[in-house]
Amino acid sequence: MAADKTSILIIEDEPAIAELIGFTIKEAGWTPSIVHTAADGWEFVQRRTPHLVLLDWMLPDQSGLRLLSQMRADRQLQSMLIMMLTAKSMEEDKISGLDNGADDYMTKPFSPRELTSRVKALLRRKGADEVPGMMSAGAVSLDPASCSVCLENQKIDIGHAEYRLLKFFMANPDRVFSRSQLLDKVWGDHVVIEERTVDVHVLRLRKALRESEHLIRTVRSVGYMLSAK
């Protein structure tokens, strides 16, 4: 993904902060667009999909978290990168953002250098995550193009975090990963959340896979793996 073609939408209601972020994004070689409300952000992404959205948690018309859920519910926007910008530093808030489909979060205040570094890392991870064509394991198939998962050719409901976890497992079958490795590879190594969160998402993933839950195996004292053998 070429930097000069990378479009980044900033949804931030504080004009001074929005201007600073926009300047930082432009200096890094990306193309920024700025809106100040959730409604304007929603209208923007309906017209054209940016590579990345920097979404403030607290917006005047509705919460950024609600807008995040709205975006993730739209099939056309499921693969769009979204980074939450928040003054909330509680672990529960960070987990809530990630569970609702955020790819990353940054806690205010942050420096322009840190923002640039984190955006670069997120864009790199997105590029590394791209897997061409359908993926399958047993009766489960995953389509990266539509961000959908099917069981016996029937589409199933799956959370955004569980989808990312399954996609990673399917791209790396028959390999065991520790909880810390999964946090690093799926959520990013800077995400400060407890390793038990991985157990929660594995449990949710198995529940979503129903009779194919056996594909996700627990390797005692090590971690988890996907195996259709």
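The values are calculated or read from the model by the stated rules, or taken from the named source; none is laboratory data. Computed from a prediction, not measured in an experiment: that's the story for all the values here. Here Cβ is always computed from backbone atoms with ideal geometry, including for glycine, and neighbour counts include all displayed protein chains.
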Close pairs from the range 113-124: first within 14 Å of residue 8 (Cβ to Cβ) and outside the structural domain of residue 186 (by TED's automatic domain parsing), partner surrounded by fewer than 16 Cβ atoms within 10 Å (Cβ to Cβ) and aliphatic (A, V, I, L, M), Cβ under 9 Å, at least 6 apart = 120/3; 123/1; 123/3
Taking the range 138-171 and the residues there that are of a type in the set (S, T, N, Q) and at pLDDT 90 or above, the one that is nearest to residue 187 (Cα to Cα) would be 141
Determine whether residue 157 is loosely packed, with under 15 Cβ neighbours inside 10 Å, within 21 Å of residue 102 (Cα to Cα) and touching a residue at least 40 places away in the same chain (Cβ under 8 Å).
-> yes
Take the residues of the range 81-106 that are free of Cβ contacts under 8 Å to residues at least 60 places away in the same chain and assigned to a helix (DSSP H, G or I): which is nearest to residue 120 (Cα to Cα)?
-> 97
Would you please name the residue that is modelled with the highest pLDDT, looking only at residues in the range 173-202 that are assigned to a loop (DSSP other than H, G, I, E, B), under 21 Å from residue 107 (Cβ atoms) and not small (Gly, Ala, Ser)?
-> 195
Would you mind stating whether residue 79 is more than 26 Å from residue 28 (Cβ to Cβ) and either touching an Asp or Glu at 6+ places or on another chain (Cβ under 6 Å) or not acidic (Asp, Glu) (or both)?
-> no
Per-region count, the range 12-43, residues in contact (Cβ under 8 Å) with a residue 60 or more places away in the chain, touching a strand residue (DSSP E or B) at 6+ places or on another chain (Cβ under 7 Å) and not acidic (Asp, Glu) | 3
